[in-house]
Amino acid sequence: MCHNNNQFPYDEDNFTHNINRLNERKLDRRGFMKTLVGAAGLFAVSTLPWGAVAAKELMSLGDKSYPKKAITKVNKLQIGDSVKFTYPGEHDDALLIRLGENEYKAYQNACTHLRCPVLWNKESGDMLCPCHHGKFDVRSGEPTAGPPRRPLPEIFVKVENGTVYATRVKRYEA
Ligand code: FES
């Protein structure tokens, strides 16, 4: 028998087999995509609360809570005076200033320029940074003079049974 080289190599079995394989492959790919989408959905749902927490952190919308910490007895701090403390960590230097009978302000006092310690100046009523003559408003913590551009992080305080406590640190938008 003579074999024609130009003949189309039609073989029904092979042809059907190839179509089936193609379909299987399509189904496999579709199945894989479905699994992938399902997994992504599951991941999104399972991580939703953490995503929200992370977003809040990144946006700096929430104040930072720490265990409350006693700073001083009210009767140990005269109006117009200040006292140093640390909050929330041992290396987070801070200042509590008593502005009135029941008015207190507290800030982490590392200067927002180059971290020199900011001091309370009772006479001028300012918070001053001696390094480059930075100045901060005692009621808002906002910089009012010199190179600092960001406010001092405020620490919220409350008085309970004659003691002033630090309760949390205010967060600022970037
Ligand atoms: S470090 Fe405070 S003004 Fe520069």
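The values are calculated or read from the model by the stated rules, or taken from the named source; none is laboratory data. In this text the structure is predicted, and so the values were computed from the model without any measurement. Counting neighbours? That spans all protein chains shown, and the Cβs are built from the backbone with ideal geometry, glycine included.
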statement: All conditions in (1) outside any loop (DSSP other than H, G, I, E, B); (2) surrounded by fewer than 16 Cβ atoms within 10 Å (Cβ to Cβ); (3) away from the ligand (no atom under 13 Å from the Cβ) are true of THR144 except (3)
- line: Selection from the range 147-174 of residues part of a strand (DSSP E or B) and within 23 Å of GLN78 (Cβ to Cβ) yields GLU154, ILE155, PHE156, VAL157, LYS158, VAL159, GLU160, THR163, VAL164, TYR165, ALA166, THR167
- prompt: Looking only at the range 101-134, which residues are over 20 Å from PHE156 (Cα atoms) and more than 7 Å from the ligand (Cβ to nearest atom)?
  reply: ASN121, LYS122, GLU123, SER124, LEU128, PRO130
- prompt: How many residues does the range 60-102 hold that are small (Gly, Ala, Ser) and crowded, with 17+ Cβ neighbours inside 10 Å?
  reply: 2
field: Verdict on PRO88 being modelled with pLDDT of 95 or more and closer than 13 Å to ALA166 by Cα
entry: yes
- prompt: How do the strands (runs of 3 or more DSSP E) wholly within the range 81-139 filter down when requiring 1 or more residues that are among the hydroxyl-bearing types (Ser, Thr, Tyr) and in contact with a strand residue (DSSP E or B) (Cβ under 7 Å, 6 or more places away or on another chain): which remain?
  reply: 82-86, 103-108
